[in-house]
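The values are calculated or read from the model by the stated rules, or taken from the named source; none is laboratory data. Remember, it's a predicted structure, so these values are computed and weren't measured experimentally. Neighbour counts run over all protein chains shown; Cβ positions are idealised from the backbone, glycine included.
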Amino acid sequence: MGTETQTGKKQWRPLEKMFNEVPARYDMLNRVLTWRLDERWRRTAARKCLEGEPTRILDLCTGTGDLAIRLASQVNGSAKIQALDYSQPMLSVARRKAEKNGLQNIEFINGDASSMPLENEELDVIGIAFAFRNLTYKNPDREKFLHEIYRILKPQGKFVIIESSQPENPLMRSLFRLYLKVFVAGIGGWLSGHRRAYRYLAASARNFYEPGEVRKLLISTGFQNVEYQPFMGGIAGLTVATK
Ligand SMILES: C[S@@+](CC[C@H](N)C(=O)[O-])C[C@H]1O[C@@H](n2cnc3c(N)ncnc32)[C@H](O)[C@@H]1O
């Protein structure tokens, strides 16, 4: 999306230009770089989002739509699923995939997470897959995003985050960091043709918060009952917070 300045020049939001450039090989690289574990982790996140039969669910920063598509195919009944992203190229891929899967119950929204076109306390659940890091790690708009997420959730609403994390075990942590350097930044950058994007991915995952820091961030926004479940020794994890 971007915004026009007075001189007619496009002003990109943090990371926006980078995400506009990667959709063509984005899904393929996710599968290759995680040995398809990303699909399993998203499936677990979708199950968590659907607990308690919510009627209004948002896949925030949907990208190529994988979480929204899982939600739409796993949901029972007539829940409304929305999927928001500021990257039109990402959303085009997501729309095509939803159509191919015959799913008509997803509303795609081109918008920014810092000011979403949604009313106060509209949603039962917000899910976010592998984008919480983008919204919070060294992002100048971090507080705006967190308060916006809190604003649109109903009281008792759930915020479900699936994200890379930090293994507790020092050996596992070193292996994870080596993997990020060699496979994600090196091979990912080469296969994608977007070295800068995959260097950013590796560096942000390497330096991202500990689970306890994520918890503090959510509590300081107003969330309560923050629960964390590590996957694969903590290279990724599921965090669920309640408003
Ligand atoms: C790493 S991708 C994750 C995509 C998807 N959720 C997945 O599971 O693969 C991050 C996505 O967040 C989107 N994004 C980043 N910052 C955003 C913002 N401020 N508002 C809306 N979307 C944003 C990007 O365009 C990109 O599609």
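When CYS61 is tested against (1) surrounded by 18 or more Cβ atoms within 10 Å (Cβ to Cβ); (2) more than 8 Å from the ligand (Cβ to nearest atom); (3) within 21 Å of PHE132 (Cβ to Cβ), just one condition goes unmet, and that condition is (2).
Against the conditions (1) within 14 Å of the ligand (Cβ to nearest atom); (2) crowded, with 18+ Cβ neighbours inside 10 Å; (3) touching a residue at least 60 places away in the same chain (Cβ under 8 Å), PRO54 satisfies every one except (1). Candidates ARG40, ARG47: the one that is part of a helix (DSSP H, G or I), more than 23 Å from ILE187 (Cα to Cα) and more than 9 Å from the ligand (Cβ to nearest atom) is ARG47. Of the strands (runs of 3 or more DSSP E) that lie entirely inside the range 70-185, those containing 2 or more residues that are away from the ligand (no atom under 15 Å from the Cβ) span 123-129, 153-164.
Set side by side, the residues SER92, SER87 differ, and just one is polar (S, T, N, Q) and surrounded by 24 or more Cβ atoms within 10 Å (Cβ to Cβ), which is SER87.
Among the conditions (1) crowded, with 16+ Cβ neighbours inside 10 Å; (2) farther than 22 Å from LEU29 by Cβ; (3) not charged (D, E, K, R), the only one that ASN76 does not satisfy is (1).
GLU107 passes every criterion in (1) surrounded by fewer than 19 Cβ atoms within 10 Å (Cβ to Cβ); (2) under 22 Å from VAL22 (Cα atoms); (3) out of contact with any helix residue (DSSP H, G or I) (no Cβ under 7 Å at 6 or more places or on another chain) apart from (2). Among the residues of the range 125-141, write down those that are crowded, with 21+ Cβ neighbours inside 10 Å and of a type outside the set (Lys, Arg). The answer is VAL125, ILE126, GLY127, ILE128, ALA129, PHE130, ALA131, PHE132, ASN134, LEU135, THR136. Scanning the range 186-237 for residues being at pLDDT 95 or above, crowded, with 20+ Cβ neighbours inside 10 Å and not in a helix (DSSP H, G or I) gives a total of 4.
Taken over the range 8-25, residues that are at pLDDT 80 or above and within 7 Å of the ligand (Cβ to nearest atom) amount to 3.
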